[in-house]
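Data block below; observations after.
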Amino acid sequence: MIEETGRVVAVEDDAVWVETVRVTACQSCAASKGCGHAVIDKNKAGSRARVRAINTLPLSVDQSVVLGLPEGALIKGAAMVYLMPLVLLFIGALLGDMVGPNGSAAGGVIGLVFGFLLNRWYSQQHKQDPTLQPRVLRVL
């Protein structure tokens, strides 16, 4: 379970809106001065994000809570967003190459676009799936 702490900013019937503060591990890394990631991440560290989380506990605004998301949900989401379009790009390029010498580029673009459309359809079908949403684990 991936956990993150935050503060409740709004309460709904079966969910809460939680504000989290983005933190990075760059402060504890020895290579932070020469790392490109640290330079890019410096602008985002400390910014706030609001997340809707499923809740079954009696909560009120300004309470600190711990949110949880199963690792499987994160891995499944990452595979759909990053891996699926890439795989379909390669499949489209291979199929396009069988059509003709200039077909691989067109086939790759068609496969990539199909991967993006598949992601959009998948996210619309599963946006209310409680196994893929964060939930409040406990109150701090």
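The values are calculated or read from the model by the stated rules, or taken from the named source; none is laboratory data. The structure presented is a predicted model; accordingly, all values stated were derived computationally and were not measured. Note: ideal-geometry Cβ built from the backbone for every residue, glycine included; neighbour counts use all protein chains shown.
Please identify the pairs in which a residue from the stretch 80-100 that is closer than 12 Å to LEU112 by Cβ has its Cβ atom under 9 Å from the Cβ atom of a residue that is hydroxyl-bearing (Ser, Thr, Tyr), counting only partners at least 6 apart or on another chain.
MET84/TYR122; GLY92/SER104; ALA93/SER104; GLY96/SER104
Among the residues of the stretch 118-132, write down those that are under 12 Å from MET80 (Cβ atoms) and not charged (D, E, K, R).
Within the stretch 118-132, LEU118, ASN119, TRP121, TYR122, SER123, GLN125, HIS126, LEU132 meet the criteria.
Do you know which residues across the stretch 81-140 are of a type in the set (Lys, Arg) and exposed (fewer than 14 other Cβ atoms within 10 Å of the Cβ)?
Once the filter is applied, which keeps residues that are of a type in the set (Lys, Arg) and exposed (fewer than 14 other Cβ atoms within 10 Å of the Cβ), the stretch 81-140 yields ARG120, LYS127, ARG138.
What are the residues in the stretch 1-60 that are at pLDDT 85 or above and farther than 26 Å from LYS76 by Cα, if any?
ARG7, VAL8, VAL9, ALA10, VAL11, GLU12, ASP13, LEU57, PRO58, LEU59, SER60, listed by residue number.
Which of the residues belonging to the stretch 46-105 are over 13 Å from the mean Cα position of the chain (by Cα), outside any strand (DSSP E or B) and closer than 30 Å to GLU19 by Cα?
If the condition is that a residue be over 13 Å from the mean Cα position of the chain (by Cα), outside any strand (DSSP E or B) and closer than 30 Å to GLU19 by Cα, then GLY46, SER47, ASN55, THR56, LEU57, PRO58, LEU59, SER60, VAL61, ASP62, GLN63, LEU83 are the ones that fit.
Out of (1) among the acidic types (Asp, Glu); (2) surrounded by 11 or more Cβ atoms within 10 Å (Cβ to Cβ); (3) touching a residue at least 40 places away in the same chain (Cβ under 8 Å), the odd one out for GLU71 is which?
Every condition holds for GLU71 apart from (2).
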